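Visitor: The structure under discussion is supplied below as structure tokens; questions concerning it will follow.
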Amino acid sequence: MTDCLFCKIIAGEIPSDIVYRDDEMLVFKDIAPKAPVHLLAIPLRHIENLDDLDGDAQALLGRMLGKVSKIAHDAGLAEGYRVITNTNAGGGQEVYHLHFHILGDVRQATWAGM
Ligand code: AMP
Ligand code: ZN
């Protein structure tokens with residue numbers, strides 16, 4: 001997906017502050033954090049959102065969620081964290097490459113509804 005911002009981050013064409021990477025996912029800091037810790041976890045494979053899941057994508061997202069706990073704890077979120085994915089315009093999605101927001105200390109968050 002040449003036009004996709006997050007595919008460009010994966011390719012290293014756009015700089016990002018990476019905190020974790022393996023052969024199927026990347027985690028980096030949100031450029032406009034809505035909480036004291038705000039990470040984005042994305043699959044290396046371009047998937048638009050939860051409306052765009054085949055069987056392989058479902059399994060991939062399951063594996064990604066299975067790694068979130070260690071990533072969050074390594075980011076200092078031993079007290080807890082929130083995981084969100086926005087889907088399509090009605091869900092507030094702005095970047096159409098599926099991402100899990102990992103937010104820490106949401107008591108200080110600035111995101112509407114938090
Ligand atoms: P969403 O509204 O769920 O699609 O979230 C998109 C997120 O991507 C927002 O929280 C943005 O702040 C974040 N974002 C946009 N551009 C970048 C970038 N270049 N690097 C890191 N995060 C970004
Ligand atoms: Zn993409």
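The values are calculated or read from the model by the stated rules, or taken from the named source; none is laboratory data. Keep in mind that what you see is a predicted model, and the values were worked out from it rather than measured. Note that we place each Cβ from the backbone using ideal geometry, even for glycine, and neighbour counts take in every protein chain shown. What goes into the accessible areas is simple: the full protein's heavy atoms, side chains included, and nothing from ligands, DNA or RNA. Shrake-Rupley method; radii C 1.70, N 1.55, O 1.52, S 1.80 Å.
Visitor: What pairs come out if I take residues in region 2-23 that are at pLDDT 95 or above and among the aliphatic types (A, V, I, L, M) and pair them with residues that are near ligand 1 (Cβ under 8 Å from one of its atoms) and outside any loop (DSSP other than H, G, I, E, B) whose C-beta lies under 8 Å away, six or more apart or interchain?
Guide: I9/F28; I14/L5; I18/F28; V19/F28; V19/K29
Visitor: Still on this structure: Say we look at region 70-83 and pick out the residues that are out of contact with any Gly (no Cβ under 9 Å at 6 or more places or on another chain) and not in a helix (DSSP H, G or I); which of these is nearest to ligand 1 (Cβ to nearest atom)?
Guide: In the first step, residues of region 70-83 are kept if they are out of contact with any Gly (no Cβ under 9 Å at 6 or more places or on another chain); the result is 70-71, 73-74, 78, 83.
Adding the requirement that they be not in a helix (DSSP H, G or I) leaves 78, 83.
Numbers: A78: 23, V83: 12 Å.
Selected residue: V83.
Visitor: Go through region 84-113 residue by residue and tally those that are closer than 22 Å to P36 by Cβ, more than 16 Å from ligand 2 (Cβ to nearest atom) and open to solvent by 60 Å² or more (accessible area, probe 1.4 Å).
Guide: Looking only at that region, the number is 6.
Visitor: Same structure again: Residue by residue through region 47-76, note down the ones that are surrounded by fewer than 16 Cβ atoms within 10 Å (Cβ to Cβ) and under 17 Å from C7 (Cβ atoms). Don't jump to the end; show me each part of the working.
Guide: The initial filter retains those residues of region 47-76 that are surrounded by fewer than 16 Cβ atoms within 10 Å (Cβ to Cβ), namely 51-56, 58-59, 62-63, 65-67, 69-70, 73-74, 76.
Within region 47-76, just D52 meets the criteria.
Visitor: Quick one: how many residues across region 15-44 are surrounded by 15 or more Cβ atoms within 10 Å (Cβ to Cβ) and assigned to a loop (DSSP other than H, G, I, E, B)?
Guide: 6
Visitor: Something else: Inspect region 98-112 for any residue being farther than 18 Å from C4 by Cβ, of a type in the set (D, E) and assigned to a helix (DSSP H, G or I) and give the result as yes or no. Reasoning before the result, please.
Guide: Restricting attention to region 98-112, the residues satisfying the condition of being farther than 18 Å from C4 by Cβ are 102-112.
Keeping just the survivors that are of a type in the set (D, E) gives 105.
Filter once more, so that each one left must be assigned to a helix (DSSP H, G or I): none.
There is no residue in region 98-112 that is farther than 18 Å from C4 by Cβ, of a type in the set (D, E) and assigned to a helix (DSSP H, G or I).
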